[in-house]
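One structure is given here, and the rest of the page talks about it.
The values are calculated or read from the model by the stated rules, or taken from the named source; none is laboratory data. This is a predicted model, so every value here is computed, not measured. Here the Cβ positions follow ideal geometry from the backbone for every residue, glycine too, while neighbour counts run over all protein chains shown.
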Amino acid sequence: MTRVRDLLLRATNPTATVFVLLVLVFAGVFAMNPGFFEGPSLMAFLKQAAPLVILAAGQYFVIVSGNFDLSVGALVGAQVVIAARLIDGEESRTLPVMIVMVLFGIGVGLVNGLITTALKVQSFITTLGMLMVLYGAIRLWTGGAPTGSLSESFRVFGRMGIEDVPVLGQIPWALLIMIAVGAGSVLLMRTRFGRILMAAGDNERAAALSGARVDTARTIAFVLSGLSATIAGILIGGFAGVSAQVGDGLEFTVITAVVLGGVVLGGGRGSVLAAMAGALVIEALFTLFNQMALPATLRPAVQGAIIIAAVAYAARRRTRPVPTATATPS
Amino acid sequence: MTQRLHKPRLGTTALIYLALAGVLAAGGIAVAVDGGNLFATANLVDMLTRTSLTGFLAIGMTLVILCRSLDLSVGYTAALSSLVAATTMDGQVANVPLAIGAVLLVSGLIGAFNGAVTAYLGVNPFITTLGTGLIIKGYLDTQYKGPAGDVPVMFQQFGYTRIGPVPVSTVVMLAVAAAAIWFLRSTRTGHHMYAVGGDVDVARMSGIRTGRTLLAAHVLCGMTAGVAGLLLASRFGTGSATAYTSLYELDAIAAVVLGGTLLLGGKGGVAGTVAGVAILAVLDTVFNVLQIDPFAKDVLRGVVIIAAVAIYARRQLDRTARRPRFAEGRAS
Amino acid sequence: MTEVLSMRGIDKAFLGVPVLSSVDLTMNQGEVHALVGENGAGKSTLMKILAGVHTADAGTIELGGRAVSFTHPLQAQHAGVASVFQEFNLLPELTVAENVHLGREPKRRGLIDRRAMIDSTAETLADLGVDDLAPTANVGRLSVAHQQITEIAKALSQGADLICMDEPTAALADAEVELLYRLIGRLRERGTAVLYVSHRLKEIFDLCDRITVLKDGRLVDSVATADITPDDLVAKMVGRRIEAQFPARLPGTETGGTRLKITGGGNDFVDSIDLDVRAGEIVGLAGLQGSGRTEIAEAVFGIAPFTRGTVEVDGTPIRITRPRKAIGAGIALVTEDRKAQGLALWQSVRANARMVLDANARVHSRRRLARVSGLLASLDLVARGEDQEVRFLSGGNQQKVVVAKWLAAEPGIIVLDEPTRGIDVGAKHKLYSVVRELAAEGLAVLLIASELIEVIGLADRIVVLHDGRIAGELPGGATEQQVMAYATGRGPE
Amino acid sequence: MRTTRIAAAAAAALGILLATACTTDAPTEEADDTATETESGDEWFVQADYDEQLAQRDIEPEGDPNTPWLQAIEPEWVDTAAFAQEGGDATVCFSNASVSNPWRVTGWITMQQQVAVLQESGQIGEFRHSDAGDDDDQQISDIQAFVDSGDCDALIISPSTTATLTPAVEAACESGVPVIIFDRGVNTDCAVTFIHPIGGYAFGADAAEFLVDELEPGSTVLALRILPGVDVLENRWAAAEEIFADSELEILGNEFTGGDAAEIKNIVTQYLQRGDVDGIWMDAGDGAVAAIEAFEDAGAPYPVMTGEDELSFMRKWQETGMTALAPVYSNFQWRTPVIAATMILAGEQVPAEWVLPQDPITEAERDQYLEVNADMPSLHYAKFGGEDLPGFPDAWQDR
């Protein structure tokens, strides 16, 4: 009896929903085009999905601790433009510039985190402001359109891979980086830091009274988000080169992905693995649209409807809270 | 018993109008140093004109934010409304009332959808309205390949006519703002919005139908977005599907929080929002007059918004302290 | 006199634990009726059933002769029962008048009639004899007493014939209590019945016409105030056999050196606190609600630190300004409200039990982590597994998780604030033995409980607080009368 | 609810009431019916315009081929004596739609360099500009602000969207200031001159015809587009559709990419995974390199491709030796409006519709253009036409 209930509970649990959804979307893709699951095309899909998955991991840390990060799209764009301008095609500059990018990503995350925690500005506003600042500042710096170019070695991570692998063809570096980031994130959530982050998002007061440095943990979450945007920037820049529109609107896509993964806005609930799966669902959905030859203009509408439906489904058990007080005597 | 009623809320609102005066003064000086005059009629007209569009959107946004909700779909609603208006009017003056009715109906329904999904399905408003925005975008992109419809010259006056230096659209915006202030003060539904945003449990325990109140706020927010769409149509002379690319929703949210309304709901008001809108408009005009790089404007806006909210947050902190039994100095 | 309320044969059980059995309560118009009993006697539950917060399992409720049954507080309100709970149902950003009329604003031609709202609030306030509260004042800036008055005015404006007040004086200063007295007098004159839940004997005898005494969920007596003396009343409230309930001091428990010493401690809420707790000793902190018990715990733990005086831990003076510092100094605090302050409800048992270790590098160690499972087992935790989210646990098991999370850090000093609130009898007994074991292990235990019998049954020494100061100290096993004498400010008996 | 409705109704009523009584910035005459007719439909294809543009490609423009920004195709000269001014301190105002893409950034630099030359020579005094950030409403305000200030002796407008700016432009014309429109047009001919290259149909047709010529019948073509709803871009696709319809090419799909390289590479990769793609048609060159890389990464043979005269594409084209064409939406048109302004203020005749040449860059010309622009950044445009300006090349390099 309990076993049946357990199974039911697990299948309808928001975290599990995303994996069911993933299977469904992939089944749809398979039905349209069985060739999609051949090694090379699957690898290509994962290579292209990797940046969003990595961003989802970064965003997860911020959301699970009870905040938002709307600045990641602008940060990805900024990082690619910074890379192009500073490297300017010189191979020798690749590594130093990457270090600069990492520092910049950390810096942006730190500023987001400190403004949110120390100045008590809601993260929605902090990161919205940061979005505007980054968008404007990077264009001020480059005169409106990206200048310079990326070096070949910079592009290796997003574009190349281990070649001539049997069956799979190429194993993209991006996939390996995604797996590494994913594994790192899962492990990080199992560390003391991860548990504290989760507790802080769930019950800030209980965490603080247990001695947790809630503000520090939340700030680190923003830094991790900044780092994930940096990695995503390196991958996207590597994958496709520089263009003026890189990163536009990514923040909304990635928050959607994380929420689709069953992570609750407001914090304390959801797993990082599911958040990353949410990103895969989104990418797979785009692929499915493409396979179905759904008119390009109609896709946002279908995407919007699916998101609302998925979140409403996940939220259905949380609605209608019993208006009475606690069920325990006092 | 004849004390002024909103005296308690005057504090923050006064601060914002003070800030507006400060921005005007600083802008005036900067422009004067540059050899211009910020308060020349042309510049005043420009400032006032810039308030109307964001103004309409921000008024509705204030209502939903007061209820601790959010609407990220207003830009899309406005774009759709501009098309509904222009295609319904189709160049005929006789169709204007019908078009206004159609716009308010469509935009109200969009708001009702947002409100219902948020209030009754328990979906976070961020997700609801983001999704609604995408749905409208999909419809617009599929249905309209560009500007469509034709707004009769008579209705274009809404966007272009002025009374003295004051554009009609600004007058209407201020009238809607006044109506919203009155609505929040004098109708039960409006008044209950503060309660729903302040503490939904207290509101429920006081017999307020919280779901309906939230729904009403979203409907009104949709309708002000509809009015913004009417203004767009009157200024464009046609309906524009791509108007959503300007991210008006973020401007509106920025104006609302700049105006002192708490993003977490329950505190603030439309008077502050109008000042927030005005501050953004003054900044725009000053930047234009000073020929400052458009990208510098984005940077400064971001900084201004964060700084303003940080200041409000600081003021908010003092309020939460418990009352002391042994105040320092009084005790032995 | 007209009978306004008649409750008969009320039964209520939570999770199978009976809290009320066959309780009767009748009230007349204009009567101020005291509902007394120790914590856990069931008075709050009875009151919440009346207010529609809980629904009775059995029994009947009649209001003004009509049978009613509430499933929601709003139904009770409509039927004329209003409640003033300890946590206020007010919106701080609104004015007094707006709060009083929230949800029922007077209308004129479909619009809110602010004039009428203010006037009727002013009228209600004047009727209550309150002349220093403007209807247009912002509630967030009012004193606690004025907020309470606002609540009462709200109740009256709802047309309540019966107002329940739960410990209304708990958060009030003396002068403010006076005001409440006058207010209740006015209510009586108006014919409004008041159900008054309080621990303070003085108030009960000052204010109330009748007293209903509950003990262990059963009705003990219902008498006119004139027919009973304070001592008799206390005798009716107490009288459980202590030895049967509480485990004896464990053999080998030795009282060692002073681990916690507070000298002249004070802040905004408490003053002149001199207190020391030695290793192996259980010190009870008794006092009425609002007397400063929790505030001392919070000061020791660095939540609202002492601003005066000194604190020494194991002989070393230390300034504890944050919980982290307290934890680093080996202090643990089991907070009063475990849901708001103790647990991350959506996290697993394991995550919660590890929380203190995870959060503090200074107490974190592999050895301690390895002990967590054993600790949970030794507390007889009943859960489906350590992966179960704590929100699914019963109150008692939740509390065990909270205790485990603190014991995992192996503290030298543990402060327990209302550790048995809202938990079942089995879990209570387990916690009592745990407290004894902790003392035997050499911990200094500071125990706060509003259930006097717990303090008396467990503590080696009892420090009684009154109005933020120490009123007296009693040895363990003192009588409840002795404790109450200090706690109510009457001095030693 | 009722409140807002009443307010809006009142607004409309107020508008009607005040329409005659008050000052107004809007044109008071009836809107030009024929103009609205052509644009208010949902379809972007207008046969007459299409035919005209295709024909214009073969007409020899008047003027010196070395200064293409001064050439004009079949100009109808109009007299501007009414706007003639003494002295050289005229204030020229420019309402820019935005500098939100590299094409506009390049053109804006060129315009500023041209302005510097004219200021140096004393033909222009002050030059003011405003940037609307792609917001139509913002640009209407910008135009109104220029008109209201009364300081502008000439007003140059680069509209953000065609139809939506019509009323504002008409109002500007009525204020008496000579108005110069360039790039995208508006639905009114009240401007003194409207400067533009041949147009979107020609661009799209150049590209489509190239694909039809170079590909075997039955080949597959993928169309990559930036955004829906932008007229100049929609015209490009409308012309291409027209030509593809008469060909035996198979169109696999047309996808919106937002000009984002990553999106482009994604989409192309997906199409390649499903089957061969023999040709790529693009409505603008942004991200063209990413599309080519998708073929490289998938190990597929290079497609026959049309991009734009953006250098990154042209360099990749040269490097790979693929079969390609760079259609041009002449970037040098950014020089023309300021020159036109000085001509108008000097009372010289200008073409009413100043159609600039728009010749695609073929493989034969490619290397020559790349050589000239060797030091330019990759998001620069080959036909930017600023080589003779004094700021060359630094101004375009360090922007």
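Conditions tested, residue by residue: (1) within 9 Å of chain D (Cβ to nearest Cβ); (2) among the small types (G, A, S); (3) not in a helix (DSSP H, G or I).
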residue	(1), (2), (3)
B:A195	no, yes, no
B:A203	no, yes, no
B:L215	no, no, no
B:V227	yes, no, no
B:L232	yes, no, no
B:A252	no, yes, no
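Can you tell me which residue in the stretch C:331-369 is surrounded by the most Cβ atoms within 10 Å (Cβ to Cβ), limited to those that are of a type in the set (S, T, Y) and more than 8 Å from chain A (Cβ to nearest Cβ)?
C:S348
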Exercise. Has the stretch B:181-196 got any residue that is in contact with a helix residue (DSSP H, G or I) (Cβ under 6 Å, 6 or more places away or on another chain) and basic (K, R)?
Worked result: no
Seminar exercise, completed: Residue hits (the stretch A:96-143; closer than 20 Å to A:L235 by Cβ and either assigned to a loop (DSSP other than H, G, I, E, B) or free of Cβ contacts under 8 Å to residues at least 12 places away in the same chain (or both)) are A:P96, A:I99, A:L103
Exercise. All but one of (1) over 20 Å from A:T126 (Cα atoms); (2) modelled with pLDDT under 95; (3) touching a helix residue (DSSP H, G or I) at 6+ places or on another chain (Cβ under 8 Å); (4) surrounded by fewer than 24 Cβ atoms within 10 Å (Cβ to Cβ) hold for A:R195; which doesn't?
Worked result: (4)
For this session: Specify the residue that is farthest from the chain's Cα centre (by Cα); the eligible residues are those in the stretch D:74-107 that are closer than 23 Å to B:N288 by Cβ and hydrophobic (A, V, I, L, M, F, W, C).
Result: D:A90
Exercise. Looking at the stretch C:176-191, is at least one residue farther than 28 Å from C:T26 by Cβ, in contact with a Pro (Cβ under 7 Å, 6 or more places away or on another chain) and assigned to a helix (DSSP H, G or I)?
Worked result: no
For this session: Please tell me if C:I331 is over 20 Å from A:R190 (Cα atoms), out of contact with any Leu (no Cβ under 8 Å at 6 or more places or on another chain) and among the hydrophobic types (A, V, I, L, M, F, W, C).
Result: no
Problem set entry | Selection status of C:A224, closer than 30 Å to C:A13 by Cα, modelled with pLDDT of 90 or more and in contact with a strand residue (DSSP E or B) (Cβ under 9 Å, 6 or more places away or on another chain) | yes
Exercise. Residue check, C:L91 against (1) in contact (Cβ under 8 Å) with a residue 40 or more places away in the chain; (2) in a loop (DSSP other than H, G, I, E, B); (3) more than 7 Å from chain B (Cβ to nearest Cβ), all met but one. Which one?
Worked result: (3)
Exercise. Any residue in the stretch C:7-16 that is modelled with pLDDT under 90, within 27 Å of C:E454 (Cα to Cα) and among the β-branched types (V, I, T)?
Worked result: no
Problem set entry | Only listed residue being part of a helix (DSSP H, G or I) and surrounded by 22 or more Cβ atoms within 10 Å (Cβ to Cβ), chosen from C:T169, C:T212, C:T121 | C:T121
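With the condition kept exactly as written, say whether any residue in the stretch A:65-72 is over 25 Å from B:L300 (Cα atoms), within 14 Å of another protein chain (Cβ to nearest Cβ), in contact (Cβ under 8 Å) with a residue 40 or more places away in the chain and out of contact with any Ser or Thr (no Cβ under 7 Å at 6 or more places or on another chain).
Yes: the stretch A:65-72 contains one or more residues that are over 25 Å from B:L300 (Cα atoms), within 14 Å of another protein chain (Cβ to nearest Cβ), in contact (Cβ under 8 Å) with a residue 40 or more places away in the chain and out of contact with any Ser or Thr (no Cβ under 7 Å at 6 or more places or on another chain).
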Exercise. Hey, does the stretch C:201-217 have a residue that's touching a residue at least 24 places away in the same chain (Cβ under 8 Å), within 13 Å of C:V84 (Cβ to Cβ) and in contact with a strand residue (DSSP E or B) (Cβ under 7 Å, 6 or more places away or on another chain)?
Worked result: no
Problem set entry | the stretch A:140-199 - residue that is within 16 Å of the chain's Cα centre (by Cα) and of a type in the set (V, I, T) and, of those, farthest from the other protein chains (Cβ to nearest Cβ) | A:I179
Seminar exercise, completed: Filtering the stretch B:25-61 for residues that are assigned to a helix (DSSP H, G or I), within 13 Å of chain D (Cβ to nearest Cβ) and not small (G, A, S) leaves a count of 16
Exercise. Which of the residues spanning the stretch B:240-250 are outside any helix (DSSP H, G or I) and out of contact with any Asp or Glu (no Cβ under 8 Å at 6 or more places or on another chain)?
Worked result: B:L247
Exercise. More than 10 Å from chain A (Cβ to nearest Cβ) and crowded, with 21+ Cβ neighbours inside 10 Å: does that describe B:I127?
Worked result: no
For this session: Return yes or no: is C:A326 more than 9 Å from every other protein chain (Cβ to nearest Cβ), touching a strand residue (DSSP E or B) at 6+ places or on another chain (Cβ under 8 Å) and under 24 Å from C:L260 (Cα atoms)?
Result: no
Seminar exercise, completed: Only one of (1) in a helix (DSSP H, G or I); (2) surrounded by fewer than 24 Cβ atoms within 10 Å (Cβ to Cβ) does not apply to B:L263, and that is (1)
Exercise. Hey, does the stretch B:7-14 have a residue that's of a type in the set (A, V, I, L, M) and within 13 Å of another protein chain (Cβ to nearest Cβ)?
Worked result: yes
Problem set entry | Where A:S41 falls short, out of the listed (1) part of a loop (DSSP other than H, G, I, E, B); (2) in contact with a Lys or Arg (Cβ under 9 Å, 6 or more places away or on another chain); (3) within 10 Å of chain D (Cβ to nearest Cβ) | (1)
Problem set entry | Filter result (of a type in the set (A, V, I, L, M, F, W, C) and either surrounded by fewer than 23 Cβ atoms within 10 Å (Cβ to Cβ) or at the interface with chain A (Cβ under 10 Å from one of its Cβ atoms) (or both)) within the stretch B:132-176 | B:L134, B:I135, B:I136, B:L140, B:A148, B:V153, B:M154, B:I163, B:V166, B:V171, B:L174, B:A175
Exercise. Which residue pairs have Cβ atoms under 9 Å apart, sit 6 or more places apart or on different chains, and have a first residue in the stretch C:377-406 that is at pLDDT below 90 and a second that is basic (K, R) and not in a helix (DSSP H, G or I)?
Worked result: C:F392/C:R384; C:G395/C:R421
For this session: Quickly run through the stretch B:100-121 and pick out the residues that are without any contact (Cβ under 8 Å) to a residue 40 or more places away in the chain, farther than 22 Å from B:I253 by Cα and buried (at least 18 other Cβ atoms within 10 Å of the Cβ).
Result: B:A102
Problem set entry | Selected residue (criterion: surrounded by the fewest Cβ atoms within 10 Å (Cβ to Cβ)) from residues of the stretch C:130-166 that are touching a Gly at 6+ places or on another chain (Cβ under 8 Å) and over 16 Å from C:H101 (Cα atoms) | C:D161
